[in-house]
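Everything on this sheet refers to the single structure shown next.
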């Protein structure tokens with residue numbers, strides 16, 4: 001299942017001119033950073049250390065700040081010119097997909113360069129609604145600092161929320177996920193439930209305390225799963241109570 005996609009167009013590796021253009025991407029970012037932040041932050045994590053010149057990193061940081069704030073960007077930047085014309089350019093796509101309940105990156109593109117992928121991610125982040133932009137760029141900066149493998153630990157870091165909302169299901173329908181974790185609704189409801197009113201505050205607190213006690217190993221909870229279960233309960237309570 002496709003969660004997010006970055007489409008962009010770029011010059012060939014051996015072309016004398018360096019050009020890049022954005023395509024028709026799918027970048028859901030509600031709630032921020034959303035799947036958009038996880039995809040675009042992952043692009044930076046996978047490519048920023050492959051840039052040809054480390055001296056480009058300060059300019060990249062400055063460019064990210066300018067794009068986030070909505071400033072007019074002078075061209076070229078990082079030696080590439082952003083344009084709207086796609087004629088004569090190659091198309092590349094980078095994806096975030098769901099397999100079962102887990103998120104995976106599909107970065108099989110070999111035609112674009114690391115610099116092209118990084119720039120496409122930064123410029124694409126500037127197209128998300130302004131109210132979500134801070135969260136999405138926060139994910140990009142976490143990706144830029146990332147030094148580990150490109151996998152589950154990275155998606156947890158990019159998702160934010162203290163690393164507790166980890167699955168594609170949780171990110172796609174956070175309120176529904178929280179209701180399920182606290183046992184307020186049956187699992188498997190197909191439609192997102194973000195528009196539903198949360199249960200009364202006192203009931204959320206009561207249910208949280210009961211389930212927290214049950215999850216603790218001292219009261220019969222599975223010791224191997226206790227830490228994750230307790231973290232999920234706390235995050236579910238935070239989502240419902242704010």
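See the values below:
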{"quantity": "Region 2-162, relative contact order in percent, only Cα pairs under 8 angstrom and at least six apart counted", "calculated": "38"}
{"quantity": "Shape of region 1-155, Cα gyration tensor, a/c cut at 1.5", "calculated": "rounded"}
{"quantity": "Protection proxy ranking of 199-210, 33-44 - average other beta-carbon atoms within 10 Å, highest first", "calculated": "33-44, 199-210"}
{"quantity": "Packing-based ranking, highest mean first, of 74-85, 139-150 given that Cβ atoms within 10 Å are counted", "calculated": "139-150, 74-85"}
{"quantity": "Overall form of region 61-122 per C-alpha gyration tensor (a/c, 1.5; a/b vs b/c)", "calculated": "oblate"}
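Just so you know, all these numbers are worked out from the coordinates, no wet-lab data involved. Here the structure is a predicted model, which is why all the values come from computation and not from measurement. A quick note on method: Cβ atoms are made from the backbone with ideal geometry, for glycine too, and the neighbour counts reach across all protein chains shown.
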